[in-house]
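The values are calculated or read from the model by the stated rules, or taken from the named source; none is laboratory data. For clarity, every value in this text was computed on a predicted model and none was experimentally measured. Cβ placement follows ideal geometry from the backbone for every residue including glycine, while neighbour counts extend to all protein chains displayed. Side chains included, ligands, DNA and RNA excluded: accessible areas come from the protein's heavy atoms. Shrake-Rupley method; radii C 1.70, N 1.55, O 1.52, S 1.80 Å.
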Amino acid sequence: DTAVSQTPKYLVTQMGNDKSIKCEQNLGHDTMYWYKQDSKKFLKIMFSYNNKELIINETVPNRFSPKSPDKAHLNLHINSLELGDSAVYFCASSQGGTGRYEQYFGPGTRLTVT
Amino acid sequence: AQSVTQPDIHITVSEGASLELRCNYSYGATPYLFWYVQSPGQGLQLLLKYFSGDTLVQGIKGFEAEFKRSQSSFNLRKPSVHWSDAAEYFCAVGALYGQNFVFGPGTRLSVLP
C-alpha cells in the first residue's frame, strides 16, 4: 500500500488553464503539506494543513488554492496557469504539525505549462 | 527561524569509496535533524533522524550521521558507496515549536563505476 499517493504523476497543460492535483495519505497522520520543487531541486513549502485547518500559507500566488475535504486528503487547485508554475509538486504528511515530526512524501507530480 | 546549508552542490565518488555529505544548520535551540534521499524521478525518502541522545545515528541503506552541536553540523556518511546511491540528498531541520521544517538546497551525488 502506498503511504502518500498523488495523481496525476505527469500533467502537461497550456497557459491560462486551471488544473488540480490530488493527494491522499493512509498513514493516519494529522498534518499534510504541499511543496514545490524547482528545476534546481530546491524545495519550498507552500501550504500545510492540520486536521483540515490551514496552518501554513507561505507566500504563493492566490492562484494556488489548497482544499482539504478530510484529514487524509489535501488537493491543490491552480488557476490561470503560468509558465513559471512548471515544477514538481510534492505532497507530504506527518504525524503532527511541528518540526519534530518527520514528513513522508508522495512520488510527486511533474507539471509542465506550455 | 532555522536555516540549513549544504556546502556541496555536487559530489562525485567512485563505487566502493567512502562518502561524507555536509550539513550545517542555524537554530537557537536543540534542533530536530533529518536526512532525506531523492532518487531520480522519485519522492523523498527518510534516511535517518536525530532528536536527542546518542549523537551518532544509524539509518537505512547503511547510512549514518553524526550530530555535532559545537559545529552546528549533521554530516551524513557511508563507508562504501554503491552505484544505486546516486541521488539527491537533502538535510532538513525542524523546530520544536511552530510548524517550521526547513530543507537545505540539496547535494547531488554521482557514483563512478
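Placing +1 on the Cβ of every Lys and Arg and -1 on the Cβ of every Asp and Glu, with nothing else charged, gives chain B a dipole about its Cα centre of roughly 180 debye.
Step by step: find N for chain A, compute 2.2 N^0.38 Å, then divide the Cα radius of gyration by it. What's the final number?
Cα-based Rg divided by the globular estimate yields 0.99.
Between the DSSP loop rule and a limit of at most 11 other Cβ atoms within 10 Å, which chymotrypsin sites (Phe, Trp or Tyr not before Pro) in the range B:6-113 are left?
B:Tyr97
The heavy atoms of A:Asp18 present about 80 square angstrom of accessible area, all protein chains included, probe 1.4 Å.
Relative to the globular-protein estimate of 2.2 N^0.38 Å, the Cα radius of gyration of chain B stands at 1.02. A simple charge model with +1 on the Cβ of Lys and Arg, -1 on the Cβ of Asp and Glu and nothing else charged puts the dipole of the range A:3-114 at about 200 debye relative to its Cα centre.
FRET efficiency for the pair B:Trp83 and A:Asp70, taken as 1/(1 + (r/R0)^6) with r the Cβ-Cβ distance and R0 = 41 Å, rounds to 0.45.
Working from label points 7 Å from Cα in the Cα-to-Cβ sense, the A:His77 to B:Arg69 distance is 4.9 nm. Given a Förster distance of 30 angstrom, what is the FRET efficiency for B:Leu56 paired with A:Lys41, based on the Cβ-Cβ distance and rounded to 0.05? Computed FRET efficiency for B:Leu56 and A:Lys41 comes out at 0.60.
Taking 27 Å as the limit for the C-alpha separation, the pairs A:Lys19/A:Lys40; A:Lys19/B:Lys49; A:Lys22/B:Lys78; A:Lys67/B:Lys49; A:Lys36/B:Lys49 exceed it in the case of A:Lys19/B:Lys49; A:Lys22/B:Lys78; A:Lys67/B:Lys49. Only one residue of B:Tyr50, A:Pro8, B:Leu76 has its Cα farthest out toward the positive end of the dipole of the protein assembly as shown, where Lys and Arg carry +1 and Asp and Glu -1 on Cβ, and that residue is A:Pro8.
Within the range A:7-114, the GluC sites (Glu not before Pro) that combine a DSSP coil assignment with at most 16 other C-beta atoms in a 10 angstrom radius are A:Glu58, A:Glu82.
Sparse packing (at most 10 other Cβ atoms within 10 Å of the Cβ) combined with a DSSP loop state is found for the following trypsin sites (Lys or Arg not before Pro) in the range A:1-72: A:Lys40.
How large is the convex hull of the Cα atoms of the protein assembly as shown per residue, expressed in Å³ as a whole number?
Cα convex hull per residue, to the nearest whole number: 124 Å³.
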